[in-house]
Amino acid sequence: MNFIKRVGTTYLPVENPESSSKWYETILGAKVNYLDENKAILEFANQSFFLVKASPGERLSFRDSYGNERFSLTFEVDGYEQLIEFHTYLKQHDVKVGEIEDRGHPGNNFVFVDLDGNKFDVWSELSPRFKE
């Protein structure tokens with residue numbers, strides 16, 4: 001059985017939905033569909049993202065068994081050139097970004113951090129469905 005077709009919504013903890021939604025709009029090109037004091041509903045990367053006002057210090061990331069902070073989401077771009085272009089763009093906009101890495105699988109990756117300290121991964125390979 002294959003009931004689940006896609007991930008529709010992701011919830012992200014933020015300190016201030018208004019300032020965070022402006023960051024996502026400006027830096028990542030998100031479209032703000034709704035905003036109040038407790039949440040913002042954004043649309044980008046073929047998905048809805050709810051920025052939910054959370055307790056101070058709450059983050060989407062987690063610690064692996066070695067104590068390393070890990071990301072929960074990977075965004076995909078279309079190829080290595082676009083990965084480099086996006087990496088450069090984020091750095092030019094003072095976003096905290098990691099180095100471009102070869103992790104031993106097809107493509108390359110880097111990590112970036114949003115206004116609230118949520119970590120995200122970026123991969124240079126599109127999923128087969130998006131290549132069609």
Next item on the list: Return the pairs, sorted by first residue and then second, in which the second residue is surrounded by 14 or more Cβ atoms within 10 Å (Cβ to Cβ) and part of a loop (DSSP other than H, G, I, E, B), the first residue lies in the range 98-117 and is among the charged types (D, E, K, R), the beta carbons are less than 7 Å apart, and the residues are 6+ apart or on different chains.
Entry: E101/N108; D102/N108; D116/E15
Note to self: Given the options K22, K39, name the one that is of a type in the set (D, E, K, R) and closer than 13 Å to D116 by Cβ.
What the structure shows: K22
Notebook entry, point to check: Applying the selection to the range 84-123, what residues are under 29 Å from P17 (Cα atoms) and part of a loop (DSSP other than H, G, I, E, B)?
Noted result: H93, D94, V95, K96, G98, E99, D114, L115, D116, G117, N118
Check: Can you pull out the residues in the range 51-69 that are part of a loop (DSSP other than H, G, I, E, B) and either free of Cβ contacts under 8 Å to residues at least 24 places away in the same chain or of a type outside the set (D, E) (or both)?
Finding: A54, S55, P56, G57, R59, L60, S61, D64, S65, Y66, G67, N68
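For the condition under 14 Å from the mean Cα position of the chain (by Cα), among the acidic types (D, E) and at negative phi, what is the one hit in E43, E37, E18? Break it down into steps so the answer makes sense when it comes.
Working: E37 fails: under 14 Å from the mean Cα position of the chain (by Cα); E18 fails: under 14 Å from the mean Cα position of the chain (by Cα).
Answer to the selection: E43.
Pick from F112, F120, F62, F71: which is hydrophobic (A, V, I, L, M, F, W, C), under 23 Å from V7 (Cα atoms) and surrounded by fewer than 17 Cβ atoms within 10 Å (Cβ to Cβ)?
On the way: F112 fails: surrounded by fewer than 17 Cβ atoms within 10 Å (Cβ to Cβ); F120 fails: surrounded by fewer than 17 Cβ atoms within 10 Å (Cβ to Cβ); F71 fails: surrounded by fewer than 17 Cβ atoms within 10 Å (Cβ to Cβ).
After ruling out the rest, the residue left standing is F62.
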Notebook entry, point to check: Looking at this structure, is S127 over 30 Å from K53 (Cα atoms) and either under 16 Å from the mean Cα position of the chain (by Cα) or not charged (D, E, K, R) (or both)?
Noted result: yes
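Since every read-out is calculated from the coordinates, none of them should be taken as a lab result. Values in this document were obtained by computation on a predicted structure and should not be read as measured data. For neighbour counting, all protein chains shown are included, and Cβ atoms are generated from backbone atoms with ideal geometry for every residue, glycine included.
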